[in-house]
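All remarks here apply to the structure that follows.
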Amino acid sequence: MSVVAEKTPQAPPAPLAREQSPWRRFAAEFAESRLALFGLAMLVVIVAIAVLAPWISPQNPYDLAQLDVMDSKLPPGEHSATTGKPYWLGTDDQGRDMLSGIFYGLRISLVVGVTSTVIALAIGLALGLAAAYFGGRVDAIIMRIADIQLSFPAILIALVLLAVLGQGVDKIIVSLVTVQWAYYARTVRSAALVERQKEYIEAARVLALSRPRIVLRHLLPNCLPPLIVVATVQVAHAIQLEAALSFLGLGLPITEPSIGLLISNGFQYLLSGKYWISFYPGVALLLTIVAINLVADQLRDVLNPRLKK
Amino acid sequence: MLAFAIRRLGQSLFVLVVMSFLVFLGVYAIGNPIELLVNPQADAVERARATAALGLDRPMLEQYGVFLSKAAHGDLGRSFVFNVPAIQLILQKLPATLELAFAAMVIAIAIGIPLGLAAGLRPNSYIGRTIMAGSILGFSLPSFWVGLVLIMVFSVQLGWLPPNGRGETVLLLGVPVSFLTWDGLRHLAMPALNLALFKLSLLVRLTRASTREAVLQDYVKFARAKGLSPRRVIGVHVLKNIMIPIVTVIGLELGSVIAFAIITESIFAWPGSGKLLIDSINQLDRPVIVAYLLVIVTIFIAINFVVDVLYSVLDPRVRLGAAAAH
Amino acid sequence: MTGALLEVEGLRTHFFTKAGVVKAVDDVSFRVERGRILGLVGESGSGKSMTGYSILGLVDEPGRIVAGRIALNGTDLTRLDAAAWRKLRGNRIAMIFQDPMMTLNPVLRIDTQMVEAVRAHQAVSREAALARSREALTRVGIPSPDERLRAYPHQFSGGMRQRVAIAIALLNQPELIIADEPTTALDVTIQGQILFEVQKLCRETGAGLIWISHDLAVISGLADEVCVMYAGRIVESGTVSEILERPMHPYTRGLLDSVPSRNTPGRPLSQIPGMTPSLLKLGEACAFRERCPRAVDACAAAPVVRDLAAGRTLRCVNPVA
C-alpha cells in the first residue's frame with residue numbers, strides 16, 4: 001500500500017493502442033490551439049513574401065531607375081502620375097512604393113534576425129553543453145559571464161557594441177549574437193544538468209563511452225525541446241532589437257534598409273499627416289512578431305512536460 | 001543577514017570595476033574624436049596639439065588609470081561637444097529619465113497585476129483568453145512604432161496631447177519633476193504609456209502564471225476549507241505569495257525600463273539621458289558615453305543589490321531561517 | 001435530533017477529463033453518528049480523499065458531484081448554493097489535511113491564519129478571536145501559545161504544525177471533522193500523540209469524525225465504525241471489531257493479511273497481487289475482480305450493496321465468511 005495521498009484522481013496515460021510517431025503526436029498537440037495555427041499560417045505567408053520579394057514586388061525600390069520623384073509622398077491607393085500603376089500603400093519621400101519597400105525590408109529583417117539567432121544558438125549550445133558536462137571551473141566561468149551579461153538589458157549592450165564597431169550588417173549580427181548567446185547557454189546548461197544527473201549517463205560513463213558520444217547522443221537530444229522554444233522567441237527579440245537599433249539610426253545602413261529604417265524614415269512626415277510612410281512598415285513588423293510569438297507560445301506549452309495537465 | 005549584505009556589496013563593487021574597464025575599453029576604441037572638434041582645415045600640428053591637450057596620445061592603460069582615479073573623485077571628463085563635465089550633463093538629464101521610467105513602471109504595475117490576476121484565476125474564460133491574447137500583442141508591438149501611432153492618434157488626429165517634449169517642472173526635494181503639473185502630465189502621458197506597454201504585457205503574463213500555480217497549492221484549498229470568502233483567499237493568501245517573486249521581477253525590470261527609455265526619449269524628444277546618449281554616440285563624445293554607461297551600470301548594480309536584499313526581507317522563510325521550534 | 005449527524009447516500013463524484021470520465025467516487029453511502037469516529041480505509045486512488053472533499057463541497061473542475069445526497073443534520077448539502085456551503089466550511093464542518101507544511105500559508109503568521117478562520121464566520125473583534133485561538137492552541141497541547149501565534153509555519157516542527165491545523169479545525173466548534181490522513185507525514189511517536197488528542201477531543205466535544213487513511217493499524221486503534229473503499233466504491237462497512245475479526249470482502253481480508261503481524265515471524269508477507277485499476281476504465285463489474293482470489297463468473301455483473309445488519313454492508317457476491 002503506497003503512502004501517496006490522492007488529491008485529484010490522475011487520468012492514466014492514453015492507452016498504447018494508438019501508436020503514433022512522436023512527430024505526429026507533436027503536430028496534433030500543436031494544432032490544438034487555433035491561435036497558434038493562425039500564427040503559423042501568418043508566419044508561412046510572411047516568410048514566403050520575404051523569400052519571393054524580388055519576384056512579387058511591384059517595383060524594386062532600390063533601383064533608382066525605377067523611381068519617379070514626382071510620385072513621392074502619395075497616399076495609399078493613389079496612382080502613379082507617369083505609369084498609372086497603383087501604389088497600394090502609398091509612396092515615401094523618394095517616390096518608392098511602400099509595398100515593395102516593406103517586402104524587401106521584411107526580407108532583410110528576417111535574414112538578419114534568423115542568422116543571428118542561428119549563430120547565437122550554435123555558440124550558446126556549445127558553451128552550455130561544455131559548462132554542463134565539465135562542471136567545476138569551466139561551468140562557473142561561463143555561467144558567471146552569462147549571468148552578468150543577462151543582467152543588463154539587451155539594448156544597452158547592443159548600443160555600446162555598435163558604437164564601438166560602427167555600422168554594417170555584419171556588425172549588427174555580431175551585436176545580436178552577443179546579446180543572445182547567454183540565453184541559449186543558460187537553457188542548454190539547465191537541461192543538460194538535469195539529464196546529466198540521471199542514471200543512464202552514469203552508466204554510460206562507467207562503460208567508458210567516449211565523451212563526445214555521451215554528449216551528442218544523450219545530453220543533446222534532451223536539451224532540444226526547451227532550446228526550440230527559446231530560439232523561436234529569440235528570433236522575435238532579435239528582429240525587434242534590430243528594428244529598434246535601425247530606428248535609432250545605429251542599425252543597418254541605408255543601403256540595406258530593414259523595416260526599422262523604413263519606420264524611422266517616415267517619422268519626420270508624421271506630424272504633417274503623412275502617416276503611411278511609417279505606419280504600414282510597422283504593421284508588417286507587428287504581424288511578423290505576433291506570428292512568431294503565437295507559435296512560440298504554443299510550442300512552449302506543448303514541449304514543456306511540467307505544464308502537461 | 002548582515003554578512004549576506006556585505007558579501008553582495010563586495011560582489012557588486014567588483015562587477016562595477018570590471019564593467020568600468022570594459023566600458024572604457026570599448027568606448028575608447030571608437031574613431032577619432034579629433035575629427036569632430038578640430039577645424040577640418042587644421043594641419044597636423046594643430047591636431048597634435050589638440051590630441052595632447054585632451055590626453056588622447058597616451059597609452060591605453062595609462063588613460064584608463066587616469067580615468068579610474070578621476071572617476072573615484074567623480075570627475076569623468078568633460079564633454080568634447082559641450083565642454084562641461086560629463087557627469088554633470090548626465091546628472092542634469094537623469095531626473096527626466098527616471099521620472100519617465102517610474103511613471104511607466106507605475107502604469108505597468110497598476111494595470112498589469114490586476115489583469116494578470118484576473119487571467120490567472122479564470123484562464124479558460126473569455127476574459128482570461130482575451131487578456132492573454134492582448135498580452136501577446138502587447139509585447140509583440142514594436143515600442144517605437146506604438147509611439148508613432150500614439151502621436152498619430154492623440155496629437156495629429158485628436159490634438160489632445162502634445163507630441164514631444166517635457167512639460168512644466170516644479171522642484172520636489174531639489175529635483176525638477178513634471179508630474180505635479182497638469183502641463184507636465186499631459187506631456188508625460190504618451191511617453192510613459194509607450195514605455196509601459198512592453199513591461200505591462202510581461203507583468204500580465206508573469207502574474208497569470210504565478211496565480212495559476214498558486215491557486216493549485218494546498219494552502220489555497222485549506223483556506224477555502226476554512227470557509228474564507230473568495231475575496232480573502234485571493235486577496236490575501238494568493239496575493240501575498242505571488243507578490244514575492246513579482247516584486248523581485250519588478251525591481252529587476254526597472255533597470256531595463258531605464259534602458260528602453262532611450263527609444264521612447266528619441267521618439268518623443270523627451271530631454272532625458274537616453275537622448276543624450278544617442279546624440280553622444282553619433283557625435284563620438286566619448287566622455288559622455290562613458291559617463292552615461294557608468295552611471296547606468298551603477299544604477300543597475302544598486303537595483304540588483306536592493307532587490308536581493310528585499311527578497312530576503314519579504315520572504316519570512318528566508319528572513320527568519322528554518323528554525324524548528326520544538 | 002435523532003437522525004445521524006451525517007448521512008451520505010449514493011454519492012457520485014466524477015471528473016470529466018479529456019481522456020474520459022474518471023469516477024473518483026462511485027455510489028458511496030455511509031452514516032456518521034455524533035461523537036463517533038468513522039474510519040475510511042483504502043489505497044491511494046480509492047477515492048477516499050475525494051469523498052471528504054465532496055462533503056465539503058471542494059470539488060474542483062473538471063470534477064463535480066453528479067448524484068447523491070449529503071445530509072448534515074438533515075440538510076442536504078448538495079442542494080445548497082456556493083455561498084451557503086461556504087458558511088458551513090470551517091464552521092460546522094472542518095477539515096484537516098495531510099501535509100501541514102503545505103496547508104498552512106508559508107507567508108502568513110499563525111495568528112493571521114487563525115483569526116481569519118474565526119472572523120470568517122462570526123463578527124467578533126480581533127482580540128476575541130485571538131483569545132479563542134490562544135485557547136485552541138492550548139487545547140491541542142501547544143505550550144506558550146502567545147509566542148507561537150506570532151510565528152510563521154516554517155518555524156514549527158511537523159507535529160506542531162499538525163496540531164495547529166487541528167486547532168484551526170476546532171476553532172468554531174464544528175459538528176463534523178474530516179481528517180484526511182493527518183498523521184501520514186509524521187513520526188510514529190508524534191502520530192500516536194495526535195491520535196490520542198483527536199480521539200479525546202471528539203469525545204469531549206461530541207463532534208463526529210471521519211478519519212481517512214490507508215493505514216489499517218491506525219484505523220483499528222481509533223475508529224468506531226469502518227468503511228473500506230476500493231476504486232471509488234465502498235466494498236464493506238461495519239463496526240471496527242466486525243471488520244477486523246470477521247471481514248467478509250476478499251479485499252478487506254487481503255488488507256488485513258498484508259499487515260505484518262507480530263505473531264508470525266518468519267512467514268513470508270502476504271500481499272494482494274496486481275495494482276489498483278485505473279479509475280478511467282471502470283465498468284459496472286466488480287473492480288476487484290482481477291486481483292481477487294475468490295472471483296467467480298457472477299462478479300462480472302454489477303455487485304450491489306447488501307445490508308447485512310444495522311450498519312453492516314457488503315458489496316460482494318462471493319464473500320469470505
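The values are calculated or read from the model by the stated rules, or taken from the named source; none is laboratory data. No experiment lies behind these values; they were computed from the predicted model shown. Here the Cβ is made from the backbone with ideal geometry for all residues, glycine too, and neighbour counts use every protein chain on show.
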Flag if C:A231 is buried (at least 20 other Cβ atoms within 10 Å of the Cβ), of a type in the set (A, V, I, L, M, F, W, C) and modelled with pLDDT of 80 or more: yes
Which numbered condition in (1) within 24 Å of B:D315 (Cβ to Cβ); (2) outside the structural domain of C:S29 (by TED's automatic domain parsing) is the only one that C:A185 fails? (2)
With respect to the numbered conditions (1) over 25 Å from C:V124 (Cβ atoms); (2) under 16 Å from the mean Cα position of the chain (by Cα), which one is the sole condition not fulfilled by C:Q155? (2)
Selected residue (criterion: farthest from the chain's Cα centre (by Cα)) from residues of the range C:274-321 that are in a loop (DSSP other than H, G, I, E, B) and among the charged types (D, E, K, R): C:R294
Only one of (1) within 11 Å of chain B (Cβ to nearest Cβ); (2) at negative phi; (3) over 21 Å from the mean Cα position of the chain (by Cα) fails for A:L285. Which number is that? (3)
Out of (1) surrounded by 24 or more Cβ atoms within 10 Å (Cβ to Cβ); (2) over 16 Å from the mean Cα position of the chain (by Cα), the odd one out for B:A261 is which? (2)
Look at the range A:201-243 and say how many of its residues are modelled with pLDDT of 65 or more and either loosely packed, with under 12 Cβ neighbours inside 10 Å or at positive phi (or both). 5
Going by the structure shown, is C:Q173 in contact (Cβ under 8 Å) with a residue 40 or more places away in the chain and either part of a helix (DSSP H, G or I) or more than 14 Å from chain A (Cβ to nearest Cβ) (or both)? no
Flag if C:R119 is among the basic types (K, R), more than 22 Å from the chain's Cα centre (by Cα) and surrounded by fewer than 24 Cβ atoms within 10 Å (Cβ to Cβ): yes
Across the range A:266-281, what is the total count of residues that are part of a loop (DSSP other than H, G, I, E, B), in contact (Cβ under 8 Å) with a residue 24 or more places away in the chain and under 13 Å from A:F247 (Cβ atoms)? 0
Among (1) under 29 Å from the mean Cα position of the chain (by Cα); (2) within 14 Å of chain C (Cβ to nearest Cβ); (3) buried (at least 17 other Cβ atoms within 10 Å of the Cβ); (4) of a type in the set (S, T, N, Q), there is one condition B:Q217 misses while meeting the rest; what is its number? (1)
Take the range B:164-181 and flag every residue that is crowded, with 19+ Cβ neighbours inside 10 Å and either charged (D, E, K, R) or within 14 Å of chain A (Cβ to nearest Cβ) (or both). B:R166
Just to be sure, is C:I219 touching a Gly at 6+ places or on another chain (Cβ under 7 Å) and within 29 Å of C:A309 (Cα to Cα)? yes
The helices (runs of 4 or more DSSP H) lying entirely within the range A:61-175 that contain at least 2 residues which are β-branched (V, I, T) and modelled with pLDDT under 80 are A:154-165
Condition check: modelled with pLDDT of 90 or more, out of contact with any Asp or Glu (no Cβ under 9 Å at 6 or more places or on another chain) and not small (G, A, S). Does C:T51 satisfy that? yes
Residue satisfying all of: in the range C:61-78; within 14 Å of chain B (Cβ to nearest Cβ) and touching a Ser or Thr at 6+ places or on another chain (Cβ under 8 Å); surrounded by the most Cβ atoms within 10 Å (Cβ to Cβ) among these: C:G63
Of everything in the range B:182-202 that's under 18 Å from B:I107 (Cα atoms) and not hydrophobic (A, V, I, L, M, F, W, C), which residue is surrounded by the fewest Cβ atoms within 10 Å (Cβ to Cβ)? B:R186
Test for B:S210: is it among the hydroxyl-bearing types (S, T, Y) and either within 14 Å of chain C (Cβ to nearest Cβ) or assigned to a loop (DSSP other than H, G, I, E, B) (or both): yes
Would the range C:251-271 turn up any residue that is assigned to a loop (DSSP other than H, G, I, E, B) and at pLDDT 80 or above? no
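Here's the yes/no breakdown for (1) in the same structural domain as C:G63 (by TED's automatic domain parsing); (2) modelled with pLDDT of 75 or more; (3) touching an Asp or Glu at 6+ places or on another chain (Cβ under 7 Å):
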{"site": "C:T276", "(1), (2), (3)": "yes, no, yes"}
{"site": "C:K281", "(1), (2), (3)": "yes, no, no"}
{"site": "C:A287", "(1), (2), (3)": "yes, yes, no"}
{"site": "C:P303", "(1), (2), (3)": "yes, yes, no"}
Looking at the range C:176-204, which of its residues are in contact (Cβ under 8 Å) with a residue 60 or more places away in the chain and not in a loop (DSSP other than H, G, I, E, B)? C:L176, C:I177, C:I178, C:A179, C:D180, C:Q199, C:L201, C:C202, C:R203
Which listed residue is within 14 Å of chain B (Cβ to nearest Cβ), over 27 Å from C:I212 (Cβ atoms) and either acidic (D, E) or surrounded by fewer than 18 Cβ atoms within 10 Å (Cβ to Cβ) (or both), from C:D99, C:D111, C:D81: C:D111
Working only within the range C:218-277, note down all residues that are without any contact (Cβ under 8 Å) to a residue 12 or more places away in the chain and either at positive phi or in contact with a Cys (Cβ under 6 Å, 6 or more places away or on another chain) (or both). C:G266
Subset of the range B:220-235 (residues that are part of a helix (DSSP H, G or I) and surrounded by 19 or more Cβ atoms within 10 Å (Cβ to Cβ)): B:V220, B:K221, B:F222, B:A223, B:R224, B:A225, B:V233, B:I234
Do we find that B:I242 is touching a helix residue (DSSP H, G or I) at 6+ places or on another chain (Cβ under 6 Å), under 30 Å from C:I178 (Cα atoms) and buried (at least 21 other Cβ atoms within 10 Å of the Cβ) in this structure? yes
Among the listed residues B:F154, B:F139, B:F198, identify the single one that is among the aromatic types (F, W, Y), more than 21 Å from the chain's Cα centre (by Cα) and assigned to a helix (DSSP H, G or I). B:F154
